[in-house]
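What follows is calculated from the coordinates using simple rules that are stated; it is not laboratory data. For clarity, every value in this text was computed on a predicted model and none was experimentally measured. Reconstructed Cβ throughout: ideal geometry from the backbone, glycine too, with neighbour counts over all protein chains shown.
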Amino acid sequence: EPGDGVEVTFRVDTPAGLMRSVPHRLRLASRLVGEHVSDEETITSLLTEVLPRSGVEPNPWVLLPARLTLAAMTEEGHRSWLASLDGSGYLDEAGHHRLDILLRGKDNRQQGVFGRQDEYRARYTSDLMKLSVGDHYFNLSRLSSNYFYGRGVSLSLFAGRDTDLGAHYAQSRWISSEHQWSAFARRRLTPWATVKLNLLYRTTQHLLPANDRIVSLETTLDNRRGEKLHLETAYGSRTSSAESNGGALRLLFSSDRGGRTLSFERITADVGYNGYFHDHEQTSGRMRLHHGRLFETYVAAQQYASPTFGVTRSGSRHGGLNWRPGGGASSLFLEARHSYLDLSSGYSDSGYDETSFRVGYGRNYPRVRFNVYLEAGEQWRNAAAAPYRILRLSSFAHFSLARNSTLFLQGQMSDRDDVGGGLLGSGSYLSGSLNWRHDTGHRLSLRASANNLNSRVRKQNTQLDAACTWALSRDLSLDMRLRHSRWNGDQSRNAFLLSVTRGFGMPVGRKSSVGAVRGVVFDLEDPQRRGLPGVIVRLNSLTAVTDESGAFAFPAVEPGTMLLTVDSGTLGLNMITQMPLPLMIDVRGGDTERLEIGVARTARVEGRVSLFVSDPVGAATATDAQPGGTLYIEGSDPRSVIVQPAEKRRFVPESGLADILVEISNGETVHRKFTGASGHFEFPELTHGIWTLTVSTWNLPPHYELETHVVEIDVAAGETVEVPLRVLPSLRGIEIIDSGDLGLATLE
């Protein structure tokens, strides 16, 4: 409703042993929803930090956040077990050395649907190097070796900001007879140009014993304005019973600026090249245009051919538009698509050529989102004498039942499902899932699906999945998973998994020499000096948040001089620490520095520097025949003047003085400000106590002086003290010469 506010809460799950602040970037988009509202959308980005609540006792050990999982599973009488240990974190408090590990076994993939492959790996990362041991995906380049999953070792060295080099060895986890060795060197020549040299040697006994040698050169140009060009050229030779050699080329261009997104990729590989691609030709491109915030169009095309693998030509072309009327609450989707596949002799019956058109509509409500698609198409199969015409309806809906529960439904109905392959090859199905999560960590998930609902050639398949997680404590949870599958109408299978997971801190080394900083932030005006919770305290790059009693702790701090600050925004409105901050702290190894930071209401000192002039008195008269002390003369009649003591001068304010330097100090803290155009100044955030106000005289008008330029002020917490400062005409000496009718004797 107009004028109402909605509180949005984001939850970020972090490891239990996290001791460093973690930055997060949030992008928030809000739209007006309704039938009679204008198209309004607000987008904002927030950079926030997830801060650890420090308050634990110092631990002499460096702890790596880890989890130990024990799982037992059964499926149709086959029982197996699985154990895994995984951890990820830093080996030092400064965050320069990181370790990631995973130990999982035994391999029970063949024992059921819940089985997992055994995997053992460790990765160490520092500012100078990255070392990986065990099972990893090794990536050299797109043309040479891309996503090679194997067991081995990889080392990368970072020689400055612009150079890095490395090497790796791995044995394939899929084909045990395949081994590969590689090396690379990368250099950034300019801020926009980078080159990389890749070398690969591979041996295999699979199908045909062979040794491959590949060298590739990559060049990347990035203008930092949205355009990027990547070029890789490669050459390879194979030594086997049938030797071969050849080259490969990859060109990739991308652009993203001004509401236009464009990408183009071209890959060619000779029949004699045996890298990641072999006898391969591929071209793809995509362009997306944004016409304002609510309308976009796109086109895309790709083509692929590999005669060695029996593909004469294969590709697709499609284009469409997305329109979000009603301020983005609704969406309209239109797309036309054409795809084809031609295979060589022996597989030509599986080829096809099809054209389809799809239209969709979606709508977003506060608790419901749904989309509906209608697709019609025609498919020519090489083995068929006439085309197949297909009409298909699909939809999905997402329901937010409550704050922590959601329901998702998805389905598709087709008038026929005997057309295999291609975009129109899928039949009718229905699936749904229900998810519930409790704030304590309990979770429940149910999912059901059914395929081939109205099939004339296939039997119906159904599957039911249930998963439950019970958080027994902060670091201990119990997981249960169940799957019931039925296929071919009368065959079924049940699978069950039970696992328990324990989180803990794994000691990975003893702290050689660390100190600690502990303290409390309290209300100085409270007679009981109660602590203030939720105050953010920073010690250099470390961050802590005070607990309910106002206590904070940095349990593991490197020795040395540290700078402690307090986030003033978390103290409360018009509150300030009595202790001068930032504070330099000398942290010694093995010692604990203890601090008490009092917080009180801010005091305020304000005032005005005003210019005063003498009050004119009209015709002068003699008032004292023999005045004494310091004298001054005033009068407007040249025939008569008044001689009076200086303390009897009268002044009137004329204006404020701008650009006068005013300084206030309590002996530890100094604040300086210049007066404004009206002569006003203010010091709004002061601690209570005695302050000395000093006004500089270097910028005063000629022949004027401050009545007083030093003022001592005693200000209480929450008090505002006003200090008026007067600038008066200064006294000047006058030499009187008796040379006319008005002689010295006439002065009274």
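What do you get for Rg/Rh of region 140-280 when both radii come from the Cα atoms and Rh is the Kirkwood radius? Mind dumping the intermediate values first?
Working: Rg = 16.7 Å, Rh = 16.3 Å.
Here Rg/Rh amounts to 1.02.
Please give the peptides 704-717, 546-559 ranked by average Cβ packing (other Cβ atoms within 10 Å per residue), highest first, as a rough proxy for protection. All intermediate terms of the calculation are to be shown ahead of the outcome.
Numbers: 704-717: 14.5, 546-559: 19.9.
Taking the mean over residues of other Cβ atoms within 10 Å, the ranking is 546-559, 704-717.
Sort 77-90, 664-677 by the packing proxy (mean of other Cβ within 10 Å over each peptide's residues), most packed first. Numbers along the way, then the final one.
On the way: 77-90: 16.4, 664-677: 13.8.
Most protected by this proxy first, the peptides run 77-90, 664-677.
Report the calculated FRET efficiency for Glu76 and Arg474 (r = Cβ-Cβ distance, R0 = 41 Å), to the nearest 0.05. Present the calculation step by step, with values, prior to reporting the outcome.
On the way: r = 37 Å, r/R0 = 0.89.
Using R0 = 41 Å, I get an efficiency of 0.65.
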Region 99-110 - phi-based ³J(HN,Hα) in whole Hz, Karplus 6.51/-1.76/1.60, Gly and Pro as x: 10, 10, 9, 8, 10, 9, x, 8, 6, 10, 4, 7
Kirkwood estimate for region 513-599, i.e. one over the average of 1/r between Cα atoms, Å: 13.0 Å
Estimated distance in nm for a label pair at Trp380 and Thr720, the labels positioned 7 Å out from Cα along Cα-to-Cβ: 8.6 nm
Computed lengthening from Leu595 to Tyr137, 0.36 nm per intervening residue step minus Cα-Cα distance: 159.9 nm
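Give, to the nearest whole percent, the P(r) tail of region 441-561 beyond 20 angstrom, counting all Cα pairs.
Values: 5123 of 7260 pairs.
Within region 441-561, distances greater than 20 Å cover 71 percent of Cα pairs.
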Karplus-derived 3J(HN,Hα), 6.51/-1.76/1.60, for each residue of region 317-323, Hz, glycine and proline x: 9, 8, x, x, 9, 10, 10
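For Gln205 and Met287, what does the FRET efficiency come to when R0 = 45 Å and r is the distance between their Cβ atoms, rounded to the nearest 0.05? Write out the running numbers ahead of the final one.
On the way: r = 45 Å, r/R0 = 1.01.
E between Gln205 and Met287, to the nearest 0.05, is 0.50.
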Charge context of Glu685, other residues only, Cβ under 11 angstrom, K/R +1, D/E -1: +1
Only Lys, Arg (+1) and Asp, Glu (-1) charged, at Cβ; region 236-368 dipole about Cα centre in debye: 980 debye
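Charges at C-beta only: +1 for Lys and Arg, -1 for Asp and Glu. How large is the resulting dipole of region 464-592 about its Cα centre, in Debye rounded to 20?
On the way: 13 positive and 13 negative charges, 130 e Å.
Dipole about the Cα centre, nearest 20: 620 debye.
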Length released on extending from Leu217 to Arg363, taking residue separation times 0.36 nm less the Cα-Cα span: 47.7 nm
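Length gain on complete extension for the stretch Ala183 to Val500, per 0.36 nm per residue less the alpha carbon to alpha carbon distance? All intermediate terms of the calculation are to be shown ahead of the outcome.
Working: separation 317, 0.36 × 317 = 114.12 nm, distance 4.16 nm.
Contour length minus the Cα-Cα distance gives 110.0 nm.
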Cα centroid separation, region 543-564 to region 84-115 (Å): 31 Å
Residue-by-residue Karplus 3J(HN,Hα) for region 572-585, coefficients 6.51, -1.76, 1.60, Hz, glycine and proline x: x, 5, 6, 10, 8, 7, 6, 7, x, 10, x, 10, 7, 10
Distance between modelled label sites at Val710 and His398, nm, 7 Å Cα→Cβ extension: 7.0 nm
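If r is the Cβ-Cβ distance from Asp490 to Arg447 and R0 is 30 Å, what FRET efficiency results, to the nearest 0.05? Let's see the in-between values first.
Details: r = 23 Å, r/R0 = 0.76.
Once rounded, the FRET efficiency stands at 0.85.
How big is the Rg/Rh ratio for region 230-330, C-alpha atoms only, Rh by Kirkwood, two decimals? Each step should come with its number before you reach the end.
Working: Rg = 19.1 Å, Rh = 16.1 Å.
On the Cα set of region 230-330, Rg over Rh gives 1.19.
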